[in-house]
Each structure stands twice: as C-alpha cells, then as structure tokens.
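A short reminder: the numbers here are calculations on the coordinates, not readings from a lab. Everything numeric here is computed off the predicted structure, so don't read it as measured data. When we count neighbours, we look across all protein chains shown, and the Cβ atoms used for this are built from the backbone with ideal geometry, even at glycine.
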Amino acid sequence: MSDPLDCGFDVDGRWFRYRAAAIILDGDRVLMARNEVEPYFYSIGGGVHHGETAADAVRREVCEETGVALEIERLAFVHENFFNGDSTTSLAGRDCHELTFYFLMKAGPGIVLDGISTVFDGVREWLEWVPLAEFGRDRPAYPSFFATELPQLGDQPKWIITRS
C-alpha cells in the first residue's frame with residue numbers, strides 16, 4: 001500500500017487491504033496486469049480510498065491503469081482472501097487478509113487495451129489478455145478462482161472465501 005488514503009494496514013506482520021477490482025472480458029479472455037517484479041498476473045484494480053465506495057474506486061483504478069473510462073455492468077464477486085505472503089513477493093512473511101469487490105465492466109467494441117504500460121512506484125506494469133482456458137497455467141494468476149468462475153459467470157454476485 002503506497003497510497004496513504006487506501007483502506008488497510010500493515011502492522012506487526014499482519015497485512016490487510018480493502019480493494020476494488022475489474023473484470024474486463026473480451027470473449028474467452030480476461031484482461032490482467034503484471035509487472036517486472038512480481039511473478040504472477042493480477043486483477044486490474046487497487047485500494048479503496050477512505051470515504052470512497054468500491055464502485056467509485058474500481059472506476060478510478062481502471063481509468064488510472066488503462067487510460068480508458070469504463071462503466072460498471074454489475075458486481076460479480078466479493079472475495080475474502082486469507083494467505084501468507086510468499087517469500088518471492090513484496091508481502092513476504094506477512095499474515096495477509098484482503099477483501100476485494102470484483103466488478104464486471106462494460107468494454108465496448110473498439111476499445112484498445114493491449115500492451116499499455118505504466119510505472120507504479122518505479123516498477124513497470126503492463127496489461128495482457130489472458131485466455132480463460134490457460135488462466136494460471138504458465139504463470140500464476142490471481143485470483144485463481146477466475147479460472148473456474150469466469151467461464152460460468154452467473155447473474156448474481158457470488159461470495160468467495162479462500163485460504164492458502
């Protein structure tokens with residue numbers, strides 16, 4: 001967490017973050033982010049600021065990360081994720097708890113979202129379309145439940161709890 005307005009904390013080896021993230025689909029592909037430091041794909045999104053709704057946060061984050069203002073179609077998932085920070089990531093050694101609201105976004109025809117790169121805290125980040133059939137195979141991808149849930153995305157929000 002580098003933005004002081006993000007809702008979360010990192011105290012005595014315990015890390016919590018409240019975030020909002022986007023699901024941007026193009027047929028059987030989902031748009032994901034990756035960077036030159038972390039060894040995995042991750043969802044487009046970020047921390048919810050104090051006083052900000054999750055919906056406002058996801059719109060802000062999508063615009064910041066893609067340069068395109070997308071509208072929300074609907075809430076798809078609420079994810080409570082409990083995990084131990086992996087030694088290969090920036091969360092090494094921490095007991096982590098992340099609460100994320102995943103919103104399905106409306107991405108109309110003609111919107112170009114490939115290969116956009118940004119720099120966040122000095123680290124290059126870029127976007128990549130990941131085929132759902134290959135999600136998490138060659139490179140870890142989070143949230144891992146996208147592999148099974150996105151191909152059968154229902155009409156109602158789903159609450160998912162993961163512990164790893």
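Beta bridges assigned by DSSP with both partners in the chain are antiparallel in approximately 65 percent of cases.
Each Lys or Arg adds one and each Asp or Glu subtracts one; over the other residues with Cβ under 13 Å from the Cβ of Gly13, this totals -1.
Taking the Cα centre of the stretch 8-163 as origin and charging only Cβ (+1 Lys, Arg; -1 Asp, Glu), how large is the dipole, in debye to the nearest 20? Please report the intermediate quantities before stating the final value.
Values: 15 positive and 25 negative charges, 47 e Å.
So the dipole magnitude of the stretch 8-163 works out to roughly 220 debye.
By the scheme Lys and Arg +1, Asp and Glu -1, what is the net charge of all other residues having a beta-carbon under 9 Å from that of Thr100?
Details: positive: Arg17, Arg19; negative: Glu80, Glu98.
That works out to 0.
Springs join every pair of Cα atoms under 10 Å in this Gaussian network model of the chain, and among Leu132, Leu153, Leu70 the largest mean-square fluctuation is at Leu153. At R0 = 25 Å, how high is the FRET efficiency between Arg124 and Ser144 if r is their beta carbon distance? Nearest 0.05 is fine. Working from the Cβ atoms, E equals 0.55. From the list (i) 47, 33, 32; (ii) 45, 36, 32; (iii) 57, 31, 30, can you say which value of Cα extents along the principal axes in Å was derived from the structure given? Correct label is (i).
Pairs of alpha-carbon atoms within less than 8 angstrom and 6+ residues apart define the contacts here; what relative contact order does the stretch 8-163 have, in percent? Relative contact order of the stretch 8-163: 30 percent. A simple count of charges around Leu70, restricted to other residues whose Cβ falls under 14 Å of its Cβ and scoring Lys, Arg +1 and Asp, Glu -1, yields -3.
Note the full-extension length gain between Glu134 and Thr88 as 0.36 nm times their separation in residues minus their Cα-Cα distance, in nm to one decimal. Please list the in-between numbers first.
Details: separation 46, 0.36 × 46 = 16.56 nm, distance 2.25 nm.
Taking Glu134 through Thr88 to full extension adds about 14.3 nm, to one decimal.
Between the helical axis of 54-66 and the longest alpha-carbon principal axis of the chain there is an angle of about 70 degrees. Using a cutoff of 8 angstrom between alpha carbon atoms and counting only pairs six or more residues apart, the relative contact order for the stretch 82-137 works out to 18 percent.
Mind checking the stretch 125-164 for trypsin sites (Lys or Arg not before Pro) that DSSP puts in a loop (not H, G, I, E or B) and that have at most 12 other Cβ atoms within 10 Å?
Numbers: sites: Arg137, Lys158, Arg163; in loops: Arg137.
Those that pass, being in a loop and sparsely packed, are Arg137.
Considering only Gly122, Gly136, Gly47, the mean-square fluctuation computed in a Gaussian network model of the chain, springs between alpha carbons under 10 angstrom, is largest for Gly122.
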